[in-house]
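Here's the structure, in structure tokens; my notes come after.
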């Protein structure tokens, strides 16, 4: 089942770009956009890190986030 915009989510695992962890497992976030594709829906999610910084990631899937 696809998530809707403005759904609260948490990172399902550490999300990396290269060797850098940009979002830690369990970080809270909000779905800001959804994009249905031929094989899977992708999400744009704005995460709020524990220090208060905001990170927006595009192209995440249900394997990357879980509803909170």
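Distance between the pseudo-spin-label points of residue 56 and residue 17 (7 Å out from Cα toward the beta carbon): 1.3 nm. When only C-alpha pairs under 8 Å and at least 6 residues apart count, what is the relative contact order of the chain, in percent? Computed value for the chain: 32 percent relative contact order. The ranking of 62, 6 from fewest to most other beta carbons within 10 Å of each one's beta carbon is 6, 62.
Bear in mind that the values in this text are calculations on the coordinates, not laboratory data. The shown structure was predicted, so the numbers you read here are calculated from the model rather than taken from an experiment. No Cβ is skipped: glycine too gets one built from the backbone with ideal geometry, and neighbour counts run over all protein chains shown.
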